Amino acid sequence: MAVIGIDLGTTNSLVCVFADGQTRLIPNSFGEMLTPSVVSVAKDGSIDVGAVAKERLVTHPESAAASFKRFMGTNKVFELSGRKFTPQELSSFVLRQLKEDAERFLGETVTEAVISVPAYFNDDQRYATKEAGELAGLRVERLINEPSAAALAASRLGGKEEGSFLVFDLGGGTLDVSVVDYFDNVIEIIAVSGDNHLGGDDFDEKIARCFCEQHQISYDELSSGDKASLLQCAEKCKRELSVSKEAACTFEMGGEKKITLDNAKLAELGQDLFDRAARVMARVLSDSGRSMEEMDEIILVGGSSKMPVVGFFLLTAFGKQPHMAASPDEIVAMGAGIYAGIKERKEELRDLVLTDICPFTLGIDVINNEDQQNPVMSPIIERNSILPSSRRRFYTNIVSYQAKMLIKIYQGEGYYCRENICLGEIEINIARKKKGENRIEVCFTYDINGILLVEVADLDKGTKEQAVLASGNSRLKGEDLKRRVEELKSYKLAPPGGIRTKLALARGERLFIQMTGERRRAVGTVMGNLHMTMGTGNDRMISKSLKEAEAVFDLLEGKKHRE
Ligand code: AMP
């Protein structure tokens, strides 16, 4: 049974398999490799994932959700058509869709996947990703860090054969930068750093805010539908700037309004975003102990790396011309696909070894004598330790005859615990002794999936007391998980048949909302025709008016029409 590799992206998701000695991306029902990570739920409970749901984001914002990956591992609840979902449940619908696409493509059942996650995902976010897999009916034994997946694919699929690489991966919502060595079939991740709130979406927002400022509109007071529409226009403008000198962001709001941008203006709008990217670069180089001169190549990965302003930033700030990976949107999925092949023990990959690292420091809180309210971090596993990693440190009691000890576990680089992320806490009964006499052992084991096991033992009690990290967030377990899996199964994914017509109708609805005057009337006419021919049930006529509709919509949106 095939194992699939999945890039569960903030904006788009992809699925890949290693077959016949090569990575093969799997197309969705539209024949496209990228499936928008957008979910919509109809009133009857049927689910659409991808392009149709993306159109609904504008026309029916109360029934569709996007960018939920940003909230993985939190308690945020999304309400769609009156039903409540967690981010991992929405992600599970995306995974289910990709699983179905893969099964159709491969002609066999798929039960296992390797899923990529941002390096900076913490324990809760990783756990939530695994849970999303389980909810979708997929066993997820292995998570792979996105930069490691990108590095794995980039180093195998071209560029220089061997050497030291800096992989700059700017996606929709996150930036990951890693330093990677590839020698003698061993891909070694040396250091990673990143910012999980920096990506293409931020550039869209910069353009949208600039639009609002120039037209004296308050961006923050826009309705969610208007905001989604404006952001889509901004994104289109941003993409246009990747191929043209100038691009306009045009939006209907009390008449047609527009702003025109060039790349110099985009660079100016994104200045603070580039400052943040520069800090990430400086840190990864310093952590790896390498200089930029020692890097053989900067490889650009992620959809947002296609922006010319990104290449320009790297060249001016770091003096090196970066190289675009062969398929920057697809490379993480390909890496996950290669890893799926390694997991399946494919002959062609037998000699390939990937060593990964822990991207952040893990530790516990200890008393700060200067300020008792403000505990400080005692690191146990340092960032960039090679995985799997198991480290122990010893602690003692700070109050005489205390019966219990509460240990809080943190992730992050800050000196004070309050600057880091609290992953959970463990309470342990200890032998009653004078201050400083207890010997408490804390052992952290960080596995190759980046999931942490914490064990605490009082060595003087004779018996080792062990405790496993209890997360601050609710995790579904046992019966609860089974019940939710069954509940989610009752939500049916839209069947692939007629999906093109469904997309055309959803797109027409969006354009009708977004346009005015002549153009709006044209949308109305085309939609009327499409509905009328659908009423006849005549496939040939439906196909003809569908093509007409797609051609008109492409024309109105300035897109190249594809047959
Ligand atoms: P990813 O998460 O790697 O799929 O990246 C998605 C992000 O890449 C989104 O913010 C897109 O707007 C952006 N993107 C994709 N293609 C382009 C392009 N040609 N020019 C600029 N941004 C792009």
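The values are calculated or read from the model by the stated rules, or taken from the named source; none is laboratory data. For clarity, every value in this text was computed on a predicted model and none was experimentally measured. Positions of Cβ are generated from backbone atoms using ideal geometry, with glycine treated the same way; all protein chains shown enter the neighbour counts. The accessibility values were calculated without ligands, DNA or RNA, using every heavy atom of the protein model including side chains. Shrake-Rupley method; radii C 1.70, N 1.55, O 1.52, S 1.80 Å.
Restricting Ser29, Ser40 to residues that are open to solvent by 40 Å² or more (accessible area, probe 1.4 Å), more than 22 Å from Leu175 (Cβ to Cβ), in the same structural domain as Ile331 (by TED's automatic domain parsing) and in contact with a helix residue (DSSP H, G or I) (Cβ under 7 Å, 6 or more places away or on another chain) narrows the list to Ser29.
One residue alone among Gly255, Gly319 is in contact (Cβ under 8 Å) with a residue 60 or more places away in the chain, open to solvent by 20 Å² or more (accessible area, probe 1.4 Å) and not charged (D, E, K, R), and that residue is Gly255. Residues in segment 352-378 that are surrounded by fewer than 21 Cβ atoms within 10 Å (Cβ to Cβ) and either more than 27 Å from the chain's Cα centre (by Cα) or aromatic (Phe, Trp, Tyr) (or both): Val366, Ile367, Asn368, Asn369, Glu370, Asp371, Gln372, Gln373, Asn374, Pro375, Val376, Ser378. Residue-level check: of (1) within 14 Å of the ligand (Cβ to nearest atom); (2) within 17 Å of Ser13 (Cβ to Cβ); (3) buried (at least 23 other Cβ atoms within 10 Å of the Cβ), Asn145 misses just (1). Residues in segment 348-387 that are among the hydrophobic types (A, V, I, L, M, F, W, C) and either under 27 Å from Phe183 (Cα atoms) or assigned to a loop (DSSP other than H, G, I, E, B) (or both): 11 in all.
Across segment 241-251, the number of residues qualifying as within 14 Å of the ligand (Cβ to nearest atom) and open to solvent by less than 80 Å² (accessible area, probe 1.4 Å) comes to 5.
Quick one: Ser155 ticks every box in (1) away from the ligand (no atom under 15 Å from the Cβ); (2) surrounded by fewer than 23 Cβ atoms within 10 Å (Cβ to Cβ); (3) within 29 Å of Ser116 (Cα to Cα) except a single one, so which number is it? The one condition Ser155 does not meet is (2). Listed conditions (1) within 13 Å of the ligand (Cβ to nearest atom); (2) modelled with pLDDT of 90 or more; (3) crowded, with 24+ Cβ neighbours inside 10 Å; (4) outside any strand (DSSP E or B) are all met by Phe168, apart from (4).
On the basis of being farther than 27 Å from Glu252 by Cα and either buried (at least 24 other Cβ atoms within 10 Å of the Cβ) or within 14 Å of the ligand (Cβ to nearest atom) (or both), does Phe78 make the cut? Considered against the rule, which asks whether it is farther than 27 Å from Glu252 by Cα and either buried (at least 24 other Cβ atoms within 10 Å of the Cβ) or within 14 Å of the ligand (Cβ to nearest atom) (or both), Phe78 comes out as no. Can you find even one residue in segment 252-261 that is within 16 Å of the ligand (Cβ to nearest atom), over 30 Å from Ser385 (Cβ atoms) and either part of a loop (DSSP other than H, G, I, E, B) or modelled with pLDDT of 95 or more (or both)? Checked segment 252-261: at least one residue is within 16 Å of the ligand (Cβ to nearest atom), over 30 Å from Ser385 (Cβ atoms) and either part of a loop (DSSP other than H, G, I, E, B) or modelled with pLDDT of 95 or more (or both). Just so you know, in segment 171-191 the residues that are within 16 Å of the ligand (Cβ to nearest atom) and of a type in the set (Val, Ile, Thr) include one that is nearest to the chain's Cα centre (by Cα), and it is Thr174.
Restricting Ser229, Ser223 to residues that are more than 10 Å from the ligand (Cβ to nearest atom) and open to solvent by less than 40 Å² (accessible area, probe 1.4 Å) narrows the list to Ser229. Checking every residue in segment 493-506 against the condition of being in contact with a strand residue (DSSP E or B) (Cβ under 7 Å, 6 or more places away or on another chain), assigned to a helix (DSSP H, G or I), over 16 Å from Ser63 (Cβ atoms) and touching a residue at least 60 places away in the same chain (Cβ under 8 Å) gives zero matches.
Every condition in (1) within 20 Å of Gly270 (Cα to Cα); (2) in a loop (DSSP other than H, G, I, E, B); (3) open to solvent by less than 10 Å² (accessible area, probe 1.4 Å) holds for Phe203 except the one numbered (2).
Mind checking whether some residue in segment 286-300 is within 16 Å of the ligand (Cβ to nearest atom) and modelled with pLDDT under 95? Scanning segment 286-300 turns up at least one residue that is within 16 Å of the ligand (Cβ to nearest atom) and modelled with pLDDT under 95. Report, by residue number, each residue of segment 132-151 that is in contact with a Gly (Cβ under 9 Å, 6 or more places away or on another chain) and among the small types (Gly, Ala, Ser). Those that are in contact with a Gly (Cβ under 9 Å, 6 or more places away or on another chain) and among the small types (Gly, Ala, Ser): Ser148, Ala149, Ala150, Ala151. Here is the figure for segment 333-353: residues that are at pLDDT 90 or above and of a type in the set (A, V, I, L, M) total 6.
Among the numbered conditions (1) within 16 Å of the ligand (Cβ to nearest atom); (2) in a helix (DSSP H, G or I); (3) closer than 30 Å to Leu98 by Cα; (4) hydrophobic (A, V, I, L, M, F, W, C), the only one that Ala340 does not meet is (1). When Glu108 is tested against (1) outside any helix (DSSP H, G or I); (2) under 18 Å from the mean Cα position of the chain (by Cα); (3) farther than 30 Å from Ile421 by Cα, exactly one condition is not met: (2). Any chance segment 312-329 includes a residue that's near the ligand (Cβ under 9 Å from one of its atoms) and assigned to a helix (DSSP H, G or I)? Within segment 312-329 (the criterion being near the ligand (Cβ under 9 Å from one of its atoms) and assigned to a helix (DSSP H, G or I)), the answer is no, since none of the residues qualifies.
Inside segment 290-307, can you point out the residues that are in contact (Cβ under 8 Å) with a residue 40 or more places away in the chain and open to solvent by 60 Å² or more (accessible area, probe 1.4 Å)?
Across segment 290-307, the qualifying residues are Glu294, Asp296, Lys306.
Considered as a group, the residues in segment 206-220 that are among the polar types (S, T, N, Q) and open to solvent by 60 Å² or more (accessible area, probe 1.4 Å) include one that is nearest to Leu266 (Cα to Cα), and that residue is Gln214.
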